[in-house]
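Worksheet: the structure to be examined is printed underneath.
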C-alpha cells in the first residue's frame with residue numbers, strides 16, 4: 001500500500017462541488033450520498049463530505065488545497081473563467097508556477113507545479 005494524504009473537503013452542495021472538481025479532471029469513483037470520493041487518474045484523490053450551511057459566509061472559508069499538475073497552462077485554460085488573479089498563471093517567489101480558483105464553498109484551490 002502506498003502512503004498519501006487526502007483532503008476531506010466540506011461542501012453544502014455536493015453536486016456543485018463535484019461539477020467544479022470535474023473541471024479540474026477529477027471523477028467520482030465512490031458515491032455514498034453525503035460523501036463522495038474523487039480521483040484524477042494520476043494519483044490525486046479528494047473526498048467531498050456534505051456539511052449543511054458550510055461555510056456560513058463563503059468569504060470566511062479558511063481552508064485551501066494545492067493541486068500539483070504537469071500542464072499548468074492547459075488546466076488554467078480549462079477553468080479560465082474561474083481564475084482569480086488576472087493573467088495567471090504566474091511564477092511565484094516561492095518557486096512555483098501557479099494560479100488560483102475558488103470552489104463553490106469558497107475553498108482556495110491553487111494549481112501549479114514546482115519551477116525547475
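Applying the selection to the stretch 79-97, what residues are in contact with a helix residue (DSSP H, G or I) (Cβ under 6 Å, 6 or more places away or on another chain) and either in a helix (DSSP H, G or I) or in contact (Cβ under 8 Å) with a residue 24 or more places away in the chain (or both)?
79, 97
For the stretch 19-36, which residues satisfy the criterion of being touching a strand residue (DSSP E or B) at 6+ places or on another chain (Cβ under 7 Å) and more than 15 Å from residue 65 (Cβ to Cβ)?
27, 28, 29, 30, 34, 35, 36
Can you pull out the residues in the stretch 89-104 that are more than 11 Å from the chain's Cα centre (by Cα) and under 20 Å from residue 61 (Cβ atoms)?
Residues satisfying the conditions are 98, 99.
Filter the stretch 27-52 down to residues that are surrounded by 11 or more Cβ atoms within 10 Å (Cβ to Cβ) and either in contact (Cβ under 8 Å) with a residue 40 or more places away in the chain or touching a helix residue (DSSP H, G or I) at 6+ places or on another chain (Cβ under 8 Å) (or both), then give me how many there are.
Within the stretch 27-52, residues that are surrounded by 11 or more Cβ atoms within 10 Å (Cβ to Cβ) and either in contact (Cβ under 8 Å) with a residue 40 or more places away in the chain or touching a helix residue (DSSP H, G or I) at 6+ places or on another chain (Cβ under 8 Å) (or both) number 11.
For the stretch 98-112, how many residues meet the condition of being surrounded by fewer than 17 Cβ atoms within 10 Å (Cβ to Cβ) and either touching a residue at least 60 places away in the same chain (Cβ under 8 Å) or touching a helix residue (DSSP H, G or I) at 6+ places or on another chain (Cβ under 6 Å) (or both)?
1
Return the residue satisfying two criteria in turn: it lies in the stretch 55-69 and is modelled with pLDDT under 90 and surrounded by 15 or more Cβ atoms within 10 Å (Cβ to Cβ), and of such residues it is farthest from residue 33 (Cα to Cα).
Within the stretch 55-69, the match that is farthest from residue 33 (Cα to Cα) is 61.
The values are calculated or read from the model by the stated rules, or taken from the named source; none is laboratory data. On a predicted model such as this, the values are computed, not experimentally measured, just so you know. Note that we place each Cβ from the backbone using ideal geometry, even for glycine, and neighbour counts take in every protein chain shown.
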